[in-house]
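Here's the structure, in structure tokens; my notes come after.
Every number in this text was worked out from the coordinates using simple rules, so none of it is lab data. Since the model is a prediction, treat every value here as computed from it, not as a measurement. So basically every Cβ, Gly included, is an ideal-geometry build from the backbone, and we count neighbours across all protein chains shown.
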Amino acid sequence: MRAIKFLPLLATLLAAATDSLSSTAIAREPGVIAVGEARDQIKQTPIEKRPYRPLHIYGNAVRRRQSRGGSSAQR
């Protein structure tokens, strides 16, 4: 039971460490939730060209795969 409490913490720390190591080539957006004009600008930008945003797992994965030269058709 005690191990279950620490599992989300461990997952968060692991994700943060992984993102900090791989984000050197990716632009970062300071906030998690974009509002106003920033949101409109992000929505108009293709997902591959958007900046890295914490907790945006799908978009970050797409950008990471593209920056490493892979595509979804290859896997």
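Each residue of region 51-56 in turn: what ³J(HN,Hα) in whole Hz from Karplus with 6.51, -1.76, 1.60 and θ = phi - 60°, glycine and Pro shown as x?
Using θ = phi - 60°, the values come out as x, 5, 9, x, 6, 9 Hz.
Once label points are set 7 Å from the Cα along Cα→Cβ at both residue 9 and residue 67, what is their separation, rounded to one decimal in nm?
Calculated label separation equals 2.9 nm.
Return the long-range amide H neighbours of residue 52 (sequence gap of 5 or more, or a different chain), with a cut-off of under 5 Å between placed amide H atoms.
27, 28, 29
Subtracting the Cα-Cα distance from 0.36 nm times the residue separation, let me have the gained length for residue 32 to residue 55 in nm, one decimal.
Extra length from residue 32 to residue 55 when fully extended: 7.6 nm.
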